Amino acid sequence: MLHDDIMEKLDEISANTDVYIFSGIIRNYFLNIYRKRDVDVVLGQEIDIFKEFQNFSIRKNSFGGYKIMFPSGPLDLWFIKDTWAFQHSQKTLEFHLEKKIPDTAFFNFSSIIYSLNKQKFYYTEHFVKFLKNKQLDYVYDKNPNYSLCIINTLYYAEKYNLEISKRLLTFITNLYTKNKYNYQTTQIKHFGEIIYTDEQIEQKIGSLLLVK
């Protein structure tokens with residue numbers, strides 16, 4: 001599912017650092033959706049990004065990572081020290097990235113990571129449960145962008161025809177009713193466009209509550 005040019009480069013840098021692939025590309029793989037998409041990667045050890053990717057356009061992405069533009073599409077890349085998982089760990093040399101990142105994913109279908117160096121998946125029981133029931137739920141309730149959690153819950157449930165668990169619905173409903181998020185700005189920053197108007201978000205959450 002990885003583009004050839006990105007895969008070749010990841011193989012190359014894996015000689016100098018641990019390379020972990022996570023997020024949507026793995027989710028889609030297990031959902032039997034084989035479309036090419038953005039690639040999210042975390043590196044265990046720091047490398048010189050601007051030297052290793054000197055022939056590509058590079059810019060900072062959210063939370064201190066890098067967006068690197070390949071001919072085939074973007075690669076989003078972080079160093080371990082810049083990840084949400086590391087920032088909320090003990091920040092010690094004993095930090096186990098492959099175990100910590102799945103535990104700190106918001107969605108259950110993201111609680112898995114693939115080690116390119118070891119050619120091995122690391123995952124939680126939440127991910128296994130998702131594969132069995134195809135029900136969207138949350139794993140770790142701490143998150144730097146709760147407004148996106150609300151939007152993505154609606155978006156993923158609709159796009160992949162997934163049921164939303166009562167637990168997740170309760171969680172996002174509480175967030176929605178207690179906070180005044182700017183959903184339009186959140187969507188433009190994440191998707192590059194507005195997927196749902198504020199009225200549509202309210203209607204969708206209301207409809208889900210009626211069903212539950």
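The values are calculated or read from the model by the stated rules, or taken from the named source; none is laboratory data. Computed from a predicted model, the values in this text were never measured in an experiment. Using ideal geometry, Cβ is built from the backbone for each residue, glycine included, and neighbour counts are taken over all protein chains shown.
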Considering region 24-78 alone, what residues qualify as being closer than 26 Å to Tyr160 by Cβ and charged (D, E, K, R)? Arg27, Arg35, Lys36, Arg37, Asp38, Asp40, Lys67, Asp76
Restricting the first residue to region 167-190 and requiring it to be closer than 12 Å to Ser147 by Cβ and assigned by TED's automatic domain parsing to the domain that holds Ile201, which pairs with a second residue that is in a loop (DSSP other than H, G, I, E, B) and of a type in the set (D, E, K, R) meet a Cβ separation below 9 Å and a spacing of at least six or different chains? Gln187/Glu193
Residues that are in a loop (DSSP other than H, G, I, E, B) and crowded, with 17+ Cβ neighbours inside 10 Å, drawn from region 121-143: Thr124, Asp137, Val139, Tyr140
Leu154 passes all but one of (1) buried (at least 18 other Cβ atoms within 10 Å of the Cβ); (2) outside the structural domain of Ile205 (by TED's automatic domain parsing); (3) part of a helix (DSSP H, G or I); which number fails? (2)
Of the residues Tyr160, Tyr138, which single one is out of contact with any helix residue (DSSP H, G or I) (no Cβ under 7 Å at 6 or more places or on another chain), in contact (Cβ under 8 Å) with a residue 24 or more places away in the chain and among the aromatic types (Phe, Trp, Tyr)? Tyr160
Does region 96-106 contain at least one residue that is farther than 25 Å from Asp18 by Cα, surrounded by 18 or more Cβ atoms within 10 Å (Cβ to Cβ) and out of contact with any Lys or Arg (no Cβ under 9 Å at 6 or more places or on another chain)? no
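Listed here are the residues, each with its yes/no results for (1) modelled with pLDDT of 95 or more; (2) of a type outside the set (Gly, Ala, Ser).
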| position | (1), (2) |
| --- | --- |
| Gln135 | yes, yes |
| Ile151 | yes, yes |
| Tyr155 | yes, yes |
| Tyr160 | no, yes |
| Thr170 | yes, yes |
| Tyr183 | yes, yes |
| Gly192 | no, no |
| Ile201 | yes, yes |
| Leu209 | no, yes |
Test result for Lys118, in the same structural domain as Glu8 (by TED's automatic domain parsing) and not in a helix (DSSP H, G or I): yes
